[in-house]
Amino acid sequence: MTGRAEGKVAFITGAARGQGRAHALRLAQEGADIIAVDIAETVEGMDRFYPGATQADFDQTVKEVEALDRRIVATRADVRDFDALKAAFESGVAELGKVDVVVANAGIFMFGDKTEDVTDADWDAVLDINLKGVWHTAKAAIPQLKAQGTGGSIILTCSTAGLKGTPNVAAYTASKHGVLGLSRTLALELAPFNIRVNTVHPTSVNTDMIRNEAAYGLFLPDEAHPTSEQAEPIFRSINALPVPWVEPEDIANAVLFLASEESRYVTGTELKVDAGFDLK
Ligand SMILES: NC(=O)c1ccc[n+]([C@@H]2O[C@H](COP(=O)([O-])OP(=O)(O)OC[C@H]3O[C@@H](n4cnc5c(N)ncnc54)[C@H](O)[C@@H]3O)[C@@H](O)[C@H]2O)c1
């Protein structure tokens, strides 16, 4: 039985934990080898929101991919540093031979201030990682994809915040709207090379990014220490389907579809995995 990603190599950023790890595992289950990148440390300024991924998290991704009998080349790099990211990508291609799928997934979430109160430092961190980092990821891989001449699939992780305004989340929302513009442009530029470019738009996902006191506080500003139990009904109320958040594997299944030949004529689309969030 042939896997849905058999023989493919996928380049995935933010692969140490959360959705990035789920993408690596789902694609590996279906036969792909993985080029993984993660900063694997807490980004400066983020510590007041939630802790970043660690080397131990990244090691766990490697272990789990290898347990599926797939190969993985995992390198620590910051998506803001193009040279480091490109070097990580190239060492993966040198070892695994090629790239077919790119998943630009690394991102951070900073939030809670009125737009006029956002600091330049927070704005720059979010835009530099969530938008410039996504551009860097595509930029690192496109020359190789074109040189191979066998097409490819580039998947950019966006958000419901890439489709709608989000009060008190200006930088993140602006960054994700930017990702959508980048995707649409790349889809047109790369279509002649049979390289497809699409976005995925998750609603809240059950990862460290939102399962923390700071994120709960976005909806419970009067609580000093808001809990998961208090936050859950509010998260549930923003989706149409009766769930507070979806699982990383739900997003990974969408990524797998976009990575596979099943979506061979799907490009420039916004694939919502949002429990109906966007309908409300
Ligand atoms: N969790 C949600 O509710 C949600 C909803 C919609 C979209 N998203 C998006 O999904 C993506 C994945 O987020 P997640 O939920 O898995 O969160 P997460 O915090 O668990 O994972 C993000 C990963 O990106 C890595 N990363 C952060 N900055 C980096 C940098 N500069 N260079 C390299 N790696 C870096 C982190 O170390 C971490 O491993 C992000 O783009 C996020 O914006 C998340």
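The values are calculated or read from the model by the stated rules, or taken from the named source; none is laboratory data. Since this is a predicted model, take the numbers as computed values, not measurements. Note that we place each Cβ from the backbone using ideal geometry, even for glycine, and neighbour counts take in every protein chain shown. Ligands, DNA and RNA are excluded from the accessible area calculation, which covers all protein heavy atoms including side chains. Shrake-Rupley method; radii C 1.70, N 1.55, O 1.52, S 1.80 Å.
For the range 53-96, a residue qualifies if it is among the small types (Gly, Ala, Ser) and either under 20 Å from Ala28 (Cβ atoms) or surrounded by 20 or more Cβ atoms within 10 Å (Cβ to Cβ) (or both), and the qualifying residues are Ala53, Ala56, Ala67, Ala74, Ala77, Ala88, Ser91, Gly92, Ala94. Just wondering, is there one or more residues in the range 249-263 that are more than 30 Å from Ala40 (Cα to Cα) and of a type outside the set (Gly, Ala, Ser)? Yes, the range 249-263 contains at least one residue that is more than 30 Å from Ala40 (Cα to Cα) and of a type outside the set (Gly, Ala, Ser). Here is a check on your reading of the model: is Gln19 open to solvent by 50 Å² or more (accessible area, probe 1.4 Å) and within 11 Å of the ligand (Cβ to nearest atom)? So Gln19 does not fit the description; no. Note on the range 176-193: residues that are open to solvent by less than 20 Å² (accessible area, probe 1.4 Å) and more than 16 Å from the ligand (Cβ to nearest atom) total 3. In this structure, does Ile34 turn out to be in contact with a Gly (Cβ under 6 Å, 6 or more places away or on another chain), open to solvent by less than 10 Å² (accessible area, probe 1.4 Å) and of a type in the set (A, V, I, L, M, F, W, C)? Considered against the rule, which asks whether it is in contact with a Gly (Cβ under 6 Å, 6 or more places away or on another chain), open to solvent by less than 10 Å² (accessible area, probe 1.4 Å) and of a type in the set (A, V, I, L, M, F, W, C), Ile34 comes out as no. Selection of the range 1-51 for residues being out of contact with any strand residue (DSSP E or B) (no Cβ under 9 Å at 6 or more places or on another chain) and over 25 Å from Gly151 (Cα atoms) yields Thr42, Val43, Glu44, Gly45, Met46, Asp47, Arg48, Phe49, Tyr50, Pro51. Across the range 28-65, the number of residues qualifying as among the β-branched types (Val, Ile, Thr), within 10 Å of the ligand (Cβ to nearest atom) and outside any strand (DSSP E or B) comes to 5. Taking first residues from the range 156-174 that are over 11 Å from Val126 (Cβ atoms) and open to solvent by 10 Å² or more (accessible area, probe 1.4 Å) and partners that are small (Gly, Ala, Ser) and more than 11 Å from the ligand (Cβ to nearest atom), the Cβ contacts under 7 Å between residues at least 6 apart in sequence or on separate chains come to Asn168/Gly112. Anything in the range 194-225 that is assigned to a loop (DSSP other than H, G, I, E, B) and either of a type in the set (Gly, Ala, Ser) or within 16 Å of the ligand (Cβ to nearest atom) (or both)? List them, or say none. Of everything in the range 194-225, those that are assigned to a loop (DSSP other than H, G, I, E, B) and either of a type in the set (Gly, Ala, Ser) or within 16 Å of the ligand (Cβ to nearest atom) (or both) turn out to be Thr203, Ser204, Asn206, Thr207, Asp208, Met209, Ile210, Arg211, Asn212, Ala224.
If I filter the range 107-124 for residues that are open to solvent by less than 20 Å² (accessible area, probe 1.4 Å), in contact (Cβ under 8 Å) with a residue 12 or more places away in the chain, more than 27 Å from Ala215 (Cα to Cα) and more than 9 Å from the ligand (Cβ to nearest atom), do I get at least one hit? The answer is no; no qualifying residue exists.
Considering Gly268, Gly217, the condition of being at positive phi and surrounded by fewer than 20 Cβ atoms within 10 Å (Cβ to Cβ) is satisfied by Gly268 alone.
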